[in-house]
Amino acid sequence: MENAIGKRVKEIRAELKMSQSQFAESIGVSKSLISLIELGRKNPSVETINKIARKGNVSIDYIMGRTDNKNSNENDTSEVKSELDNAVDRIEKLTEEQQRFIIKMLNGMVDNIED
């Protein structure tokens, strides 16, 4: 079976000119996990895929091998994406209770916009 995720992760890391250790540290995982992902021996968690996507400035669909378009959301502007990435980074540093509160607030706001 082809290891699409591992190939994409290795490609992203190479484009960033980072070693496995540097890349792992930059996204908060172990070097061994990156190695196992690249070799196709372990599938990354959703959280890890999100971190890799943000670090490599690519879409999750690209990492998963569902598209060859690195940024499948053409409507994303780099400024908005950067602001969202910064917000996510800040939220990840909060307690789980604070994160759940923010998620509830965001879901409520999105529901209001969609209605």
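Within the range 14-25, is even one residue touching a residue at least 40 places away in the same chain (Cβ under 8 Å) and out of contact with any Cys (no Cβ under 8 Å at 6 or more places or on another chain)? Yes, the conditions are met somewhere in the range 14-25. Filter the range 51-67 down to the residues that are assigned to a helix (DSSP H, G or I) and touching a residue at least 12 places away in the same chain (Cβ under 8 Å), then identify the one that is nearest to GLU79 (Cα to Cα). Among residues in the range 51-67 that are assigned to a helix (DSSP H, G or I) and touching a residue at least 12 places away in the same chain (Cβ under 8 Å), the one nearest to GLU79 (Cα to Cα) is ARG54. Could you list, in sequence order, all residues of the range 26-56 that are within 25 Å of LEU84 (Cα to Cα), out of contact with any helix residue (DSSP H, G or I) (no Cβ under 8 Å at 6 or more places or on another chain) and not polar (S, T, N, Q)? Answer for the range 26-56, where residues must be within 25 Å of LEU84 (Cα to Cα), out of contact with any helix residue (DSSP H, G or I) (no Cβ under 8 Å at 6 or more places or on another chain) and not polar (S, T, N, Q): VAL46, GLU47.
With respect to (1) touching a helix residue (DSSP H, G or I) at 6+ places or on another chain (Cβ under 8 Å); (2) at pLDDT 95 or above; (3) among the small types (Gly, Ala, Ser), the lone exception for ALA4 is condition (2).
Scanning the range 29-46 for residues that are under 16 Å from ILE12 (Cα atoms) and loosely packed, with under 12 Cβ neighbours inside 10 Å returns a single hit, LEU39.
Within the set ASN43, ASN71, ASN75, the sole residue that is in a loop (DSSP other than H, G, I, E, B) and modelled with pLDDT of 90 or more turns out to be ASN43.
The values are calculated or read from the model by the stated rules, or taken from the named source; none is laboratory data. Given the structure is predicted, the values throughout are model-derived calculations rather than measurements. Note: ideal-geometry Cβ built from the backbone for every residue, glycine included; neighbour counts use all protein chains shown.
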